[in-house]
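Student: Take a look at the following structure, please.
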Amino acid sequence: MKTIKNQFIAIVLSLFVLTACEKEQGDLVEIKTVDLESLTLGSTSYWNGSDKTGDFNDLGIKFQNNFDATYSSWAGFIYSQKADILSAGWDNQYSVYDGANGTNKFALYYPPFGADAYASFSAGSEYSIKSISVCNSTYTAFSMKNGDSYSKKFGGTSGNDKDWFKMTIIGFNAAGDSVKSVDFYLADYRSDDNSKDYIVNKWTTVDLSSLGKINKFTFRLTSTDKGTYGMNTPAYVCADNIKYEVVTPR
């Protein structure tokens, strides 16, 4: 019995030593932050793909851009540094609704009709995304706050309508299969207490660690304000400071 006990202790100790060695010689972990500050802008303070250069890249992530020269329209991702929080309407579609933004650059997403556009790593690779900062666009924020020709005022005339505007961040693996998703409300009027109703008006960090390792992600936007042809709320969201983990074996 004593011999068996001694053998058991020896095995436990050997496992402890192996674990300690693995920790001491562990992988190098680096958190990269995609903040778009390395990208160049012209006098307009935004880039929407009109130069036909196509997708843009920053620190290992490629952002899909679709520009239609026939209609001078864009979909997918563009980037901007505009932060006009006073002007309502489509003419101000490139601004983030955060007065403290300054000249900070950010991505702006608008979904292609009936499809998705993606932010992706290189083919076959997968990384753990830790978090992302998001905010409303000024155009969308004013549309929800006051209503316009196409969209209702959130809360309705009484202020009691249970309206909401939600983004769903969906991760995909290297095989192209969706794996997990994270929901975040860009506006939420569901509370019975109207003083708790809100429209996101500052950069807010969203935890994406639950997505695990992914190859690409997209945003899907939904709202309680819907009509015959789909969502009436302007389908824009601003994104910045995408943090992801790179593990390098030592």
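Let's see how each residue does on (1) under 14 Å from the mean Cα position of the chain (by Cα); (2) at pLDDT 95 or above; (3) crowded, with 16+ Cβ neighbours inside 10 Å:
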residue	(1), (2), (3)
Lys130	yes, yes, yes
Arg190	no, yes, no
Lys196	no, yes, no
Ile199	no, yes, yes
Lys226	no, yes, no
Tyr229	no, no, no
Pro234	no, yes, yes
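Student: Collect the residues in the stretch 73-102 that are under 22 Å from Thr33 (Cα atoms) and either at pLDDT below 95 or among the acidic types (Asp, Glu) (or both), keeping them in residue-number order.
Tutor: Of everything in the stretch 73-102, just one residue is under 22 Å from Thr33 (Cα atoms) and either at pLDDT below 95 or among the acidic types (Asp, Glu) (or both), namely Asp98.
Each row is one residue, and each column tells you yes or no for (1) of a type in the set (A, V, I, L, M); (2) in contact (Cβ under 8 Å) with a residue 40 or more places away in the chain.
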{"residue": "Ser73", "(1), (2)": "no, no"}
{"residue": "Ser95", "(1), (2)": "no, yes"}
{"residue": "Ala123", "(1), (2)": "yes, yes"}
{"residue": "Ser137", "(1), (2)": "no, yes"}
{"residue": "Tyr150", "(1), (2)": "no, yes"}
{"residue": "Gly159", "(1), (2)": "no, no"}
{"residue": "Trp164", "(1), (2)": "no, yes"}
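Student: So which residues in the stretch 85-97 are under 21 Å from the mean Cα position of the chain (by Cα) and either more than 13 Å from Cys135 (Cβ to Cβ) or crowded, with 23+ Cβ neighbours inside 10 Å (or both)?
Tutor: Asn92, Gln93, Tyr94, Ser95, Val96, Tyr97
Student: Here's a follow-up. Quick check, is Asn146 among the polar types (S, T, N, Q), farther than 23 Å from Gly89 by Cα and out of contact with any His (no Cβ under 6 Å at 6 or more places or on another chain)?
Tutor: When the stated conditions are applied, Asn146 does not pass them.
Student: For residues that are aliphatic (A, V, I, L, M) and not in a loop (DSSP other than H, G, I, E, B), scanning just the stretch 203-215, find the one that is surrounded by the fewest Cβ atoms within 10 Å (Cβ to Cβ).
Tutor: Residues of the stretch 203-215 aliphatic (A, V, I, L, M): 206, 208, 211, 214.
Still in the list and also not in a loop (DSSP other than H, G, I, E, B): 206, 211, 214.
Details: Val206: 14, Leu211: 19, Ile214: 23.
Filtering the stretch 203-215 for residues that are aliphatic (A, V, I, L, M) and not in a loop (DSSP other than H, G, I, E, B), the one surrounded by the fewest Cβ atoms within 10 Å (Cβ to Cβ) comes out as Val206.
Student: Still on this model: State all residues of the stretch 58-80 that are surrounded by 13 or more Cβ atoms within 10 Å (Cβ to Cβ) and out of contact with any strand residue (DSSP E or B) (no Cβ under 7 Å at 6 or more places or on another chain); if no residue qualifies, say none.
Tutor: Hit for the stretch 58-80 is Ser73, nothing else.
Student: Which residue, of Thr168, Thr218, Thr233, is within 18 Å of Tyr110 (Cα to Cα), assigned to a loop (DSSP other than H, G, I, E, B) and touching a residue at least 24 places away in the same chain (Cβ under 8 Å)?
Tutor: One residue alone meets the criteria, Thr233.
Student: Filtering the stretch 92-111 down to residues that are hydroxyl-bearing (Ser, Thr, Tyr) and in a loop (DSSP other than H, G, I, E, B), which residue is nearest to Ser143 (Cα to Cα)?
Tutor: So the residue we want is Tyr97.
Student: Between residues in the stretch 75-91 that are in contact (Cβ under 8 Å) with a residue 60 or more places away in the chain and residues that are surrounded by fewer than 13 Cβ atoms within 10 Å (Cβ to Cβ), which pairs lie under 8 Å by C-beta distance while being six or more apart or on different chains?
Tutor: Hits for this filter: Ala88/Asn146.
Student: Follow-up. Just checking, how many residues over the stretch 38-79 are among the acidic types (Asp, Glu) and closer than 23 Å to Ser125 by Cβ?
Tutor: Qualifying residue count for the region: 2.
Student: Would you say Val182 is aliphatic (A, V, I, L, M), under 12 Å from Val134 (Cα atoms) and either outside any helix (DSSP H, G or I) or under 12 Å from the mean Cα position of the chain (by Cα) (or both)?
Tutor: Numbers: aliphatic (A, V, I, L, M): yes; under 12 Å from Val134 (Cα atoms): no; either outside any helix (DSSP H, G or I) or under 12 Å from the mean Cα position of the chain (by Cα) (or both): yes.
It is false that Val182 is aliphatic (A, V, I, L, M), under 12 Å from Val134 (Cα atoms) and either outside any helix (DSSP H, G or I) or under 12 Å from the mean Cα position of the chain (by Cα) (or both).
The values are calculated or read from the model by the stated rules, or taken from the named source; none is laboratory data. In this text, all values refer to a predicted model and were calculated from it rather than measured experimentally. When we count neighbours, we look across all protein chains shown, and the Cβ atoms used for this are built from the backbone with ideal geometry, even at glycine.
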